[in-house]
Amino acid sequence: MTATALAPEAAAPKRRHRGLAKFLRNRGAVVGAVLVLGFVFLAVFAAVVSGQDPLQTSFLTIRKAPSAAHWLGTDDLGRDIFTRLAYGARASLSAGVISVAIAMAVGVPFGLMAGYYGGLVDGAISRATEAMLAIPFLILAIALAAFLGPSLSNAMIAIGLSAMPLFIRLTRGQVLSIKTEDYVEGARSIGLPDRWIIIRYILPNVLPPLIVQATLTIATAIIAEASLSFLGLGQQPPSPSWGSMLNTAKNFMSQAPWMSIFPGGAIFLVVLGFNLLGDGLRDALDPRES
């Protein structure tokens with residue numbers, strides 16, 4: 001009896017070690033993790049890495065090409081692009097993480113309720129979710145951001161609410177498959193309250209696919225934040241943002257192509273990093289793999 005009870009606890013560290021080893025063997029996942037950590041480092045230590053003020057203008061260095069003094073060149077107001085790129089990483093990464101946190105904080109509880117209780121609760125939540133999923137993600141985010149007003153915080157809320165249906169649907173599907181397991185039926189048969197069953201037995205088993213989905217959704221949220229900033233609905237000038245930098249750069253594509261190449265390249269690399277990281281986590285956390 002004791003050995004049987006201790007078996008899951010003893011097997012859990014082994015499963016974690018196998019998952020970590022599998023993740024490290026996945027070269028794409030490691031590359032993605034390195035890219036993500038690199039941009040996180042750049043965002044956190046932007047002041048140390050750049051050593052310049054992202055808002056400092058200079059009419060003597062307007063649209064200067066990359067050089068030893070300005071590694072990535074300057075923009076239309078003489079501001080250092082590398083410095084603005086580093087500080088802009090803060091806005092983009094914060095928008096991605098906070099937006100997904102909002103989506104999970106709202107969507108996961110609704111998904112748990114819909115999957116566990118079923119019936120009218122499931123019907124109401126599922127119909128509302130389907131109605132939101134019928135609207136393209138970016139269109140819904142633009143509409144919500146326009147309604148809330150142009151600012152980075154409102155853009156985060158808009159992106160989070162737009163991504164919420166994905167987590168409702170994923171959580172509901174996972175709960176439907178888990179709630180029929182013997183250990184859940186056993187907990188219900190001995191009279192444990194629903195709240196305890198959901199938190200103690202169902203939620204931990206739902207978390208791995210949610211973590212994978214969150215990693216992939218961060219990449220989508222970063223693109224959405226850049227799009228909203230490009231349209232003037234996200235980070236407001238003169239504060240740096242990759243999307244607003246591209247909005248300015250579109251007017252100088254022929255005179256100063258570096259103004260668009262570097263912010264666009266940063267968006268490409270960080271989104272690639274999160275996608276590779278998400279794919280690696282999906283393989284590492286797959287319970288079907290031994």
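The values are calculated or read from the model by the stated rules, or taken from the named source; none is laboratory data. Bear in mind the structure is a predicted one, so any value in this text is a computation, not a measurement. Positions of Cβ are generated from backbone atoms using ideal geometry, with glycine treated the same way; all protein chains shown enter the neighbour counts. Ligands, DNA and RNA are excluded from the accessible area calculation, which covers all protein heavy atoms including side chains. Shrake-Rupley method; radii C 1.70, N 1.55, O 1.52, S 1.80 Å.
Structure notes:
- Here the condition is being more than 15 Å from the chain's Cα centre (by Cα), surrounded by fewer than 18 Cβ atoms within 10 Å (Cβ to Cβ), over 17 Å from S94 (Cα atoms) and of a type outside the set (S, T, Y); of L246, L231, it holds for L231 alone.
- Listed conditions (1) in contact (Cβ under 8 Å) with a residue 24 or more places away in the chain; (2) part of a loop (DSSP other than H, G, I, E, B); (3) open to solvent by 60 Å² or more (accessible area, probe 1.4 Å) are all met by L269, apart from (2).
- Checked against the criterion of being within 19 Å of L152 (Cβ to Cβ) and part of a loop (DSSP other than H, G, I, E, B), the candidates L55, L42 yield just one match: L55.
- Note on the range 71-87: among residues that are under 13 Å from F262 (Cα atoms), part of a loop (DSSP other than H, G, I, E, B) and in contact (Cβ under 8 Å) with a residue 12 or more places away in the chain, the one that is most open to solvent (accessible area, probe 1.4 Å) is L72.
- Top-ranked residue of the range 138-151 - restricted to ones that are open to solvent by less than 30 Å² (accessible area, probe 1.4 Å) and within 23 Å of L216 (Cα to Cα), ranked as nearest to the chain's Cα centre (by Cα): A141
- Annotation for the range 178-199: no member residue is among the hydrophobic types (A, V, I, L, M, F, W, C), within 27 Å of E225 (Cβ to Cβ), out of contact with any strand residue (DSSP E or B) (no Cβ under 8 Å at 6 or more places or on another chain) and open to solvent by 20 Å² or more (accessible area, probe 1.4 Å).
- Verdict on R127 being over 24 Å from L170 (Cβ atoms) and assigned to a helix (DSSP H, G or I): no
- Residue in the range 19-33 that is farthest from the chain's Cα centre (by Cα), counting only those that are closer than 24 Å to I267 by Cβ and surrounded by 13 or more Cβ atoms within 10 Å (Cβ to Cβ): N26
- Of all residues making up the range 38-68, the number that are open to solvent by 70 Å² or more (accessible area, probe 1.4 Å), more than 28 Å from the chain's Cα centre (by Cα) and at negative phi: 6
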